[in-house]
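Trainee: Structure below; questions to follow.
Readers should treat all values here as calculations from the given coordinates under stated rules, not as data from a laboratory. It should be emphasised that the depicted structure is a prediction, and the values quoted were computed from it without experimental measurement. Positions of Cβ are backbone-derived with ideal geometry, glycine not excepted, and every protein chain shown enters the neighbour counts.
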Amino acid sequence: MGYKMVIIFLALIVSSCAPKVDRHLTITSPDQNIVVTVDTEKLLYSVAYKNEPVLSESKLGLVRDDEDFSTNLTVRKASKPIVVKDNYTMLTAKKEHITYTATERIIETKTSSGKKMNIIFRVSDDGVAFRYEFPETSSDVRKIISEETSFRFFEGTKAWLQPKAEAQTGFEHTNPSYEAHYMMEIETGTPSPTQNGWVYPALFKYNNVWMLITEAALGRTYCGTALQQHSSDHEYKINFPQAPEVFTNGALNPESTLPWKTPWRIMVIGDLKTIAESTLGTDLALPAVKMDADFIKPGKASWSWILKKDDSTVFKVQKKYVDFAADMNWQYCLLDATWDKLMGYDSVRILAEYAKSKNVGLLLWYNSAGDWNTVKFTPKDKLLTHEDRMKEFGRLREMGIKGIKVDFFSGDGQSMINYYEDILEDAAANHLLVNFHGATLPRGLHRTYPNLMTVEAVFGYEMITFGQGSANKAPEHSVMSALVRNAFDPMDFTPMNLYKIPRIQRTTTAVFELATSVIFLSGIQHYAESPEGMDHVPENVKDFLRELPDYWEDVRFIDGYPGKLFVVARKSGESWYVAGINGENTEKSLSLDLTFLKNKTGRLIASGSNNSDEPSFTEATVDLPASGELSIVLKGNDGFVAVFK
């Protein structure tokens, strides 16, 4: 037998001895409630929850510029199920100490030409995640043309989705900024009103099962994605960003050398309690990079611009807001756009020294600049290169500035995702906290960079101050934002106006506004109320805000429904804060299950009967019975807060 024949013969023996891969592979959550089934011949996956199908056969795979990894793939091998675990700590999330446990299986595939791609599945008790991996090594830059991944829902599934704005539209060409109202309880298959599709997180409900889709771990080798505009047959596909969503002359779609791992596609599955308490969006984010953590201090901030607008960034007004923050035991004061012209660096330095004497730190606004927006506000063109950033950030650190707010980014292209990370890295080197505005969803980036305190990416309070129509939608939108937008990532909604909004009739009660201080999650919470407005607030409510924790250790979902109601409990030390907001203009009688607080005594702040323009509050002592039931009546667009120790 010739040499070549021996090689072929041995190869056939090895091939015949290789374990055959099952046609239908399963990956099961540790509690056995979630089962993912992968059809290894068609490369489709489906999901069942408690023995009931919730996601129909959906596509896997992607197309690289040198190879199609979505069709004619051969499954070579599938690993046995293993348990993966992770433990980590965060100060900008719904929990401080977080544990992640999941079942993992890796499916190894190859194309007809022999190129390899692995599909990594992880199934935890609260959901499903998967990603693609190219394990081969190459210094050649490969590009992903499209991702064929899909989520195909059953007929009858409802969706709560936010359209993604067209690139280069809106104020001074600053879209997309994830700043739109949600379309609520629509039929799956309803096309987005924009060609740019639907943003994450995306919420769905089939029968009594809720599903929330997002992504995490973009790293520097992927763009941010969305769901495509059209979803025929209830099938939602991955959408890459539009051409203008880039850093100048930078990459739009994913490109990288090999090996290469794509982001995690994530679907939380269960009831609304599962959605509200899940941490999958950070569980699957990249771990924290090394940085000095001493400067990372979450907290609360005063902010003049939200009610007083552009002309307020002058020394006299900002000194008053520093005093306001000091009086309220808030750690920060934000100086917004054009501080460099209206005040100047020297005056800001003097104000920073004054603020330090009051135990208040200053935060400064910046224009992300570049050719992706035409915004004239300054400072601008100071962050575009590493050298410029280090020069500017070094100056700020020497002045005693604690953080920056960077505004008006261009979207989700890979180069723009890298720009976010560039800013975070250079800011961390100079002990600066970061807040991104006019920006994309962070997708767990605050775990990777602990100095990322918050990100806007929401139709926030500033929009309410611009028009009555937005104010009218504020109650339901606040509920949606708390449950969906704020599910995993900090949200700079800039909430809580307790008195008046200039030229706008607020539709929420003062206690609704107060409740958002607990309900909304943000590493630094920038409050909308002014010193003049706070003068109309009773001292007991001021004390509540003075004593409010700067971060939360744990969370429990109590009650709610998208757009209609949200009640949550958050833990700090030995205290539990319970807060609720009514997203509808109808009175609701609630019987809340607080069994975990049974027999405890608490302090309840609710709306009073005062019909004047003054904020109306009542405070009462609440003794929870052995059943742990709390009965409370909320007026339309009303709220409440309670503290149990």
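Trainee: Return the inverse of the average 1/r over all pairs of distinct C-alpha atoms in region 284-378, which is the Kirkwood hydrodynamic radius, in Å to one decimal.
Mentor: In region 284-378 this quantity evaluates to 14.7 Å.
Trainee: Using a Förster radius of 45 Å, what is the FRET efficiency between Thr89 and Phe466 based on their Cβ-Cβ separation? Nearest 0.05, please.
Mentor: 0.70
Trainee: Same structure again: My understanding is that a pair violates if its Cα-Cα distance is over 21 Å; which of Lys237/Lys261; Lys164/Lys564; Lys320/Lys341; Lys319/Lys405 do that in this structure?
Mentor: Over 21 Å Cα-Cα: Lys164/Lys564.
Trainee: Can you give me the three principal axis dimensions of region 245-305 from its C-alpha atoms, in Å, biggest first?
Mentor: The principal-axis extents, from largest down, are 42, 38, 29 Å.
Trainee: Related question: Say each of Lys143 and Asp310 gets a label point 7 Å from the Cα, pointing the same way as Cα to Cβ; how far apart are those two points in nm?
Mentor: Distance between label points: 3.9 nm.
Trainee: For the cross-link pairs Lys205/Lys645; Lys95/Lys205; Lys158/Lys635, which exceed 31 Å when the distance is taken from alpha carbon to alpha carbon?
Mentor: With Cα atoms farther than 31 Å apart: Lys205/Lys645.
Trainee: Normalised by the residues of region 21-283, what does the relative contact order come to in percent, with Cα pairs under 8 Å and at least six apart?
Mentor: 18
Trainee: Still on this model: If you scale each eigenvalue of the Cα gyration tensor by 5 and take the root, what three semi-axes come out for region 299-454, rounded to whole angstrom and sorted largest first?
Mentor: Sorted largest first and rounded, they come to 25, 17, 15 Å.
Trainee: Convert 4 °C to kelvin, take the viscosity as 1.567 mPa s, use the Kirkwood radius over C-alpha pairs of region 21-283 as Rh, and evaluate the Stokes-Einstein diffusion coefficient in µm²/s, rounded to a whole number.
Mentor: It diffuses with D of about 68 µm²/s by this estimate.
Trainee: Distance between the C-alpha centers of region 376-420 and region 332-362? Whole Å please.
Mentor: 17
Trainee: Which order do Thr448, Thr248, Thr28, Thr508 fall in if you start with the one that has the fewest other Cβ atoms within 10 Å?
Mentor: Lowest count first: Thr248, Thr28, Thr448, Thr508.
Trainee: If I model a spin label at Glu574 and Asp271 as a point 7 Å from the Cα along the Cα→Cβ vector, what separation in nanometres do I get?
Mentor: 3.1
Trainee: Related question: Share of Cα-Cα pairs in region 123-213 beyond 20 Å, in percent?
Mentor: 53
Trainee: For Ser232 paired with His24, estimate the spin-label separation in nm (one decimal), with each label point 7 Å from Cα along the Cα-to-Cβ line.
Mentor: About 2.8 nm separates the two model spin labels.
Trainee: Between Thr374 and Ser79, what FRET efficiency comes out of the Förster formula 1/(1 + (r/R0)^6) with R0 = 56 Å and r the beta carbon distance, rounded to 0.05?
Mentor: Computed FRET efficiency for Ser79 and Thr374 comes out at 0.60.
Trainee: Additional query: For region 168-247, take the convex hull of the Cα atoms, compute a quarter of its surface area, and give me that in nm², please.
Mentor: 6.4
Trainee: Helix-only mean residue ellipticity at 222 nm, the chain, DSSP H runs n ≥ 4 weighted -39,500 (n - 2.57), per residue, nearest 500. What is it?
Mentor: -6000 deg cm²/dmol
Trainee: Same structure again: Tell me, what is the FRET efficiency for Val633 and Asn207 to the nearest 0.05, using R0 = 25 angstrom and their Cβ-Cβ distance as r?
Mentor: Calculated transfer efficiency: 0.20.
Trainee: While we're looking at this one, here's another question. For Tyr178, enumerate residues with amide H under 5 Å from its amide H, sequence gap 5+ or separate chain, H modeled in the peptide plane.
Mentor: Ala165
Trainee: Treating the beta-carbon of each Lys and Arg as +1 and of each Asp and Glu as -1, no other charges, what is the dipole magnitude of region 299-454 about its Cα centre, to the nearest 20 debye?
Mentor: 580
Trainee: For the chain, report the translational diffusion coefficient in µm²/s to the nearest whole number, using Stokes-Einstein at 4 °C, 1.567 mPa s, and a Kirkwood Rh over Cα pairs.
Mentor: Here the translational diffusion coefficient equals 50 µm²/s.
Trainee: Roughly speaking, what is the centre-to-centre gap between region 211-238 and region 307-323 when only Cα atoms are used, to the nearest Å?
Mentor: 41
Trainee: Still on this structure, please answer the following. Can you sort Glu425, Glu353, Glu179 from fewest to most other Cβ atoms within 10 Å of each residue's own Cβ?
Mentor: Glu353, Glu425, Glu179
Trainee: Could you pull out every residue, at least 5 positions away or on a different chain, whose amide H is within less than 5 Å of the one on Trp365? Hs are placed 1.01 Å off N in the peptide plane, and Pro or chain starts have none.
Mentor: Leu335, Lys405
Trainee: Then there is this: What percent does the relative contact order of the chain come to when contacts are Cα pairs within less than 8 Å and at least six residues apart?
Mentor: Dividing the mean separation by the residue count of the chain yields 12 percent.
Trainee: So, one more: Taking only the C-alpha atoms, wrap a convex hull around region 458-645 and report its volume per residue in Å³ as a whole number.
Mentor: Enclosed volume per residue, from the Cα hull, is 107 Å³.
Trainee: Across the Cα atoms of region 327-406, what radius of gyration and what greatest pairwise Cα-Cα distance (Dmax) are found, in Å?
Mentor: Considering region 327-406 through its Cα atoms, Rg and Dmax are 13.1, 41 Å.
Trainee: Let me ask something additional. What is the spread of the Cα atoms of region 57-157 along each of their three principal axes, largest first, in whole Å?
Mentor: Computed over the Cα atoms, the extents are 46, 43, 29 Å.
Trainee: Just how far, in whole angstrom, is region 506-520 from region 585-645 if you go by their alpha carbon centroids?
Mentor: Each part's Cα centre sits 13 Å from the other's.
Trainee: Could you work out the Kirkwood radius for region 427-474, taking every pair of different alpha carbons, averaging 1/r and inverting it, reported in Å?
Mentor: Answer for region 427-474: a Kirkwood hydrodynamic radius of 12.4 Å.
Trainee: Let me ask something additional. Projecting each Cα onto the charge dipole of region 218-370 (Lys/Arg +1, Asp/Glu -1 at the beta carbon, about the Cα centre), which of Phe247, Ala325, Leu218 comes out farthest on the positive side?
Mentor: The residue sitting most towards the positive pole is Ala325.
Trainee: Using +1 on the beta carbon of Lys and Arg, -1 on that of Asp and Glu, and nothing else charged, what's the dipole of the chain about the Cα centre, debye to 20?
Mentor: The dipole magnitude comes to about 960 debye.
Trainee: Among Met480, Ser607, Val555, whose Cα sits farthest toward the positive end of the charge dipole of region 458-645 (+1 at Cβ of Lys/Arg, -1 at Cβ of Asp/Glu, about the Cα centre)?
Mentor: The residue sitting most towards the positive pole is Met480.
Trainee: Using +1 at the Cβ of each Lys and Arg and -1 at the Cβ of each Asp and Glu in the chain, identify which of Ile106, Ser232, Leu634 lies farthest towards the dipole's positive end.
Mentor: Of the options given, the answer is Ile106.
Trainee: Taking the beta-carbon count within 10 Å as an exposure proxy, list Arg443, Arg152 from fewest neighbours to most.
Mentor: With the sparsest Cβ surroundings first, the list reads Arg152, Arg443.
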